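Note sheet for the following structure.
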Amino acid sequence: MDVLTSVLFYALAALALIGGLGVAVLPTGSPRALSFLLLAAGAAGTYAVLDAGFVAALALLVLVACGLLLAPLPARETSEPRGGPWQQVGALAAAGLFALLAYAAYRGGLFEGTYASGDFGIFNAAAMGSLLLGRDALATEAAGALLLLALVGGGARWAGWAARTRRPR
Amino acid sequence: MSVTLVGVLFVSAGLVATGVLAAAWRRNALAALAGVPVAAAGAALASVGVARFGSSVREPAAGQEAAIFVLLVALGLVVLGIAARPPRGAPERPAETPAVRARGRRRR
């Protein structure tokens, strides 16, 4: 990779990390929505720099959808209970996990493989389609079933809410 | 300065740890759900990085496929978690931590 692409990758990675930290610590509402937007832009950009255009488009869709769903929750009137020492332990565990993963990345015996990105193109939908619908069709069906179940659950909940809040004529 | 697999894995480790931090920092279970897509984005970045820098000749795009699965499962978990939250009138219960359990035992 040339220098410009590398700088772009690290800038987008910093954007994604800032967005992730914002999702973790900022209050609900607009700050959290903006953090999700930063995360989506940064993550999708890093995928695109790594020649994974299809994954980038999907990540943009998924992370923006998650942001729209999760940014306003819980409502502001629902106060979060104050955290105790366990919150600090959780934060330390996250730091320990990062140290562990970073050590594994640095010291792991990683090999350099070959990747012919020119064979697929940046938006490699055909290669993804042949893998998702051909070799791993069962896994694709399982992921589709999970999404269908989630959508049915969400739809049933919305229908119940709509029935409860409907005004009598 | 060049992007290598180690650099990509560093960034992905940071994203996964940030997702875990989000889940640990928020005491409300619904708010803690926001850590799932962040951690999934990190895991997907690791998969894409492996596909880009360390893939085999046999299935060069398999890592990208794994990233797609991780992202789809994260979206499904988020939608399921939101669908399973208590109704608006019901009081939202805090996460069941050992401290909360001990407080409940003391009250009893």
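The values are calculated or read from the model by the stated rules, or taken from the named source; none is laboratory data. On a predicted model such as this, the values are computed, not experimentally measured, just so you know. All Cβ positions, even for glycine, are placed from backbone atoms using ideal geometry, and neighbour counts span all protein chains on display.
For the range A:13-27, which positions are under 14 Å from the mean Cα position of the chain (by Cα) and either surrounded by fewer than 16 Cβ atoms within 10 Å (Cβ to Cβ) or more than 7 Å from chain B (Cβ to nearest Cβ) (or both)? Walk me through how you get there before you give the answer.
Residues of the range A:13-27 that are under 14 Å from the mean Cα position of the chain (by Cα), as a first pass: A:13, A:15-24.
Passing the criteria: A:15, A:18, A:19, A:22.
If the condition is being over 21 Å from residue A:32 (Cα atoms) and in contact (Cβ under 8 Å) with a residue 40 or more places away in the chain, then the range B:1-36 contributes B:4, B:5, B:8, B:9.
Considering only residues in the range A:28-57 that are surrounded by fewer than 22 Cβ atoms within 10 Å (Cβ to Cβ) and of a type in the set (Gly, Ala, Ser), the one that is farthest from residue B:23 (Cα to Cα) turns out to be A:53.
Just one of the numbered conditions (1) among the basic types (Lys, Arg); (2) at pLDDT 70 or above; (3) outside any helix (DSSP H, G or I) is not true of residue B:88: (2). Restricting to the range B:52-73, give me the number of residues that are under 25 Å from residue B:34 (Cβ atoms) and either at pLDDT below 75 or more than 7 Å from every other protein chain (Cβ to nearest Cβ) (or both). Count: 2. Among the conditions (1) within 20 Å of residue A:62 (Cβ to Cβ); (2) touching a Leu at 6+ places or on another chain (Cβ under 9 Å); (3) not hydrophobic (A, V, I, L, M, F, W, C), residue B:28 misses just one, which is (1).
What residue, among those in the range B:3-51 that are among the polar types (S, T, N, Q) and within 7 Å of chain A (Cβ to nearest Cβ), is nearest to residue A:124 (Cα to Cα)? Please lay out each step first, then the result.
Taking the range B:3-51 as the starting set, the residues that turn out to be among the polar types (S, T, N, Q) are B:4, B:12, B:18, B:28, B:47.
Applying the additional criterion that residues be within 7 Å of chain A (Cβ to nearest Cβ) yields B:18, B:28.
On the way: B:18: 29, B:28: 40 Å.
Among those residues, the one meeting the criterion is B:18.
Every test in (1) closer than 17 Å to residue B:11 by Cα; (2) modelled with pLDDT of 90 or more; (3) surrounded by fewer than 22 Cβ atoms within 10 Å (Cβ to Cβ) is passed by residue A:60 save one, and that test is (1). Annotation note: of B:79, B:36, the sole residue that is at pLDDT below 90 and either in contact with a strand residue (DSSP E or B) (Cβ under 6 Å, 6 or more places away or on another chain) or aliphatic (A, V, I, L, M) (or both) is B:79.
Suppose we filter A:53, A:29 for residues that are among the small types (Gly, Ala, Ser) and at positive phi; which single one remains?
Details: A:53 fails: at positive phi.
So the residue among A:53, A:29 that is among the small types (Gly, Ala, Ser) and at positive phi is A:29.
Checking each residue in the range A:125-139 for being surrounded by 13 or more Cβ atoms within 10 Å (Cβ to Cβ) and modelled with pLDDT of 85 or more picks out only A:139.
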